[in-house]
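Remarks on the structure that follows.
The values are calculated or read from the model by the stated rules, or taken from the named source; none is laboratory data. No experiment lies behind these values; they were computed from the predicted model shown. Glycine gets a Cβ as well: all are built from the backbone with ideal geometry, and neighbour counts include every protein chain shown. Quick note on the areas: whole protein, heavy atoms, side chains included, nothing else; ligands and nucleic acids left out. Shrake-Rupley method; radii C 1.70, N 1.55, O 1.52, S 1.80 Å.
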Amino acid sequence: MQLYNTLSAEERAIMIDDAGKQRLTLSFYAYAKIQDPKKFRDDLFLAWNALDALGRIYVATEGINAQMSIPEENLEAFRATLEVYDFMKGIRLNEAVEHDDHSFLKLTIKVRDKIVADGLNDETFDVTDIGVHLKAKEFNDILDDPNTIVVDFRNHYESEVGHFKNAITPDVETFRESLPIINEQLQNHKEDKNLVMYCTGGIRCEKASAYFKHQGFKNVYQLEGGIINYAKQIEAEGLESKFIGKNFVFDNRLGERITDDIISQCHQCGKPCDNHTNCENDGCHLLFIQCDECKAAMENCCSTECLDIIHMPLVDQVRLRTGKQVGNKVFRKGKSDSLKFKHSGELANTSLATAEKPLDIRQKIKVKKVLLGKAEHYYVKAQVGLFTIENHELNTGDKILISGPTTGNQELILEKMIVNEAQATTAKIGDRVTFEVPFRIRLSDKLYKIVN
Ligand SMILES: [Zn+2]
Ligand SMILES: [Zn+2]
C-alpha cells in the first residue's frame, strides 16, 4: 500500500504535461472532531492518490486544511471522497481564479496539532462562537460604513502585493503575532466599531473571530471564503472590487491577480512590480519581490552576497551552510537589509502601475509538449529510428522532441517519414513510424510533439 509520494517534483511536472489534462487549483477547510487523524490522513492519501490529486494538506484532531490541484475530469470523483465524511458534506471548495497545471507537484498530507498555527489555547474560549459570515456584496456594503475597521489577517508579504482599501495590515510574519497586536490596537473600540476581518481563504478568520468575540468585541464579521471566494463573486456578480492588487497564494503560482493594479515595488530597483520569487541561493531562499530586469541581472538572487555564493562549486556552498545560522533569513520571510524597496505595516491604497493583460496561463509553461509514443528500435547503419505512436498523431512538418536519459532532449523538424512501411504525411495511434535521426536514439526514448 503506497502511502507516500514516489515521484520527484520534476518527474511529476513531466507526467502532468504528458497527460495533457487541465487541472484545477482549489482549497477548502473544515473544523471537526477527528478521533484518529493518522488513519484519516492515510485514508485520504489512498483515495486522493488514486485520483491523481496533488497538494499540501494538514489534518489534526480539530479538522482539515487543504490546498490542492486536481485533474478537472476527476472533480466529481474527488467530491465523492469528501462526502464520505459527515462534516465535509456539501463543503465549499474555493476554486482559484487562475489555474496552473503545476500549482502543486506532490501530494503531501501531514498530521499536525492544529490545522492553523494560531498560538491560541482553544480550551480558554468557545471556538464555535464565531463572527458573522459576509458574502462579497455584504462585505462591500459594510466597508462603506464609517464605523467599520477592516483588518487584514495575513502576513506582511501577502498584504504588500494586494489588500482591501484602507485595511489595517499588521506588520507580522505569522498569523499568531497579529492577534494580540490587533486586540491591543483596537481595545477602545470593542463596542462601537464593526471589526471586519479577512484572510486568503477564510480559515484564519474562523477561529480569530471567536477569539475576538471572547475578548469583548461586540460586532465581529468575517469574509466568507476569504479573498479567493470574494474574487469569484465579484466577477460572477459584476461587483466593484474593493480589493486592489494580487492575492498571494501558497502554491507554485505565488499569487493570483484580482485587479490589474500593481501596488508594490521591485525590492531591488523600486520599479512597480508584484511578482514574488525565492532567492536562488538555497542557503537563503528568501521570499521577495523582483522584476524581470533585476531577475536577469541578479540571476534570481536577493543580494550580491547570494549571487557570489551560487557561483561557487556546490561543495563549497554546502560547506558554507553547515553549522551556520542562515535559517534567520529563511524564516524572516521577505525581510533583508539589502532590499531597499520592501514595504510593510502601513500600506498605501494607490496603484503604482497597471499590469499588462495576463498572459494565457499555458504560455507560462516554457515548452508545451504532447507525448506521442516511444522508440522501439534504432537502425545504426541507416541512422533511422523506429517509433510507435500511442497518443495523438504525428505529421510531417511537426516540431518534435526526442527525450531520454542518455539521449537528453533533442529537437528537430520532421521532414519525411515512413508509416507502416510506406511513405506518408500522417501517422495515427498504433502506427509504426520510421524516420532519420541525426543522433543515436535509445530504446524507450520518448517522442513528443512540441505544440507552441
Ligand atoms: Zn527591479
Ligand atoms: Zn538570498
Can you give me the number of residues within the stretch 230-272 that are in contact with a Cys (Cβ under 8 Å, 6 or more places away or on another chain) and either surrounded by fewer than 19 Cβ atoms within 10 Å (Cβ to Cβ) or on the phi > 0 side of the Ramachandran plot (or both)? 3
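This table checks each residue for (1) in contact (Cβ under 8 Å) with a residue 40 or more places away in the chain; (2) within 11 Å of ligand 2 (Cβ to nearest atom).
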{"residue": "Arg257", "(1), (2)": "yes, no"}
{"residue": "Lys271", "(1), (2)": "no, no"}
{"residue": "Asp274", "(1), (2)": "yes, no"}
{"residue": "Glu280", "(1), (2)": "no, yes"}
{"residue": "Phe288", "(1), (2)": "yes, yes"}
{"residue": "Ile310", "(1), (2)": "no, yes"}
Can you tell me which residue is farthest from ligand 1 (Cβ to nearest atom) among those in the stretch 276-309 that are surrounded by 18 or more Cβ atoms within 10 Å (Cβ to Cβ) and assigned to a helix (DSSP H, G or I)? Ile309
Members of the stretch 409-430 found to be open to solvent by 30 Å² or more (accessible area, probe 1.4 Å) and over 14 Å from Lys449 (Cα atoms), listed by number: Lys416, Ile418, Asn420, Glu421, Ala422, Gln423, Ala424, Thr425, Gly430
Which residue is farthest from Asp126 (Cα to Cα), if the candidates are limited to the stretch 44-86 and must be in contact with a Lys or Arg (Cβ under 8 Å, 6 or more places away or on another chain) and surrounded by fewer than 17 Cβ atoms within 10 Å (Cβ to Cβ)? Glu73
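Scanning the stretch 223-268 for residues that are assigned to a strand (DSSP E or B) and more than 22 Å from Ile91 (Cβ to Cβ), which turns out nearest to ligand 1 (Cβ to nearest atom)? So that I can check it myself, show each step before the final result.
We begin by selecting, within the stretch 223-268, every residue assigned to a strand (DSSP E or B); these are 223, 243-247, 256-257, 261-262, 265.
Still in the running and more than 22 Å from Ile91 (Cβ to Cβ): 243-246, 257, 261-262, 265.
Numbers: Phe243: 25, Ile244: 21, Gly245: 17, Lys246: 17, Arg257: 19, Asp261: 18, Ile262: 12, Gln265: 8 Å.
Among them, the one singled out is Gln265.
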Would you check which residues across the stretch 11-30 are open to solvent by 70 Å² or more (accessible area, probe 1.4 Å) and either in contact (Cβ under 8 Å) with a residue 12 or more places away in the chain or in a loop (DSSP other than H, G, I, E, B) (or both) and list them? Lys21, Gln22
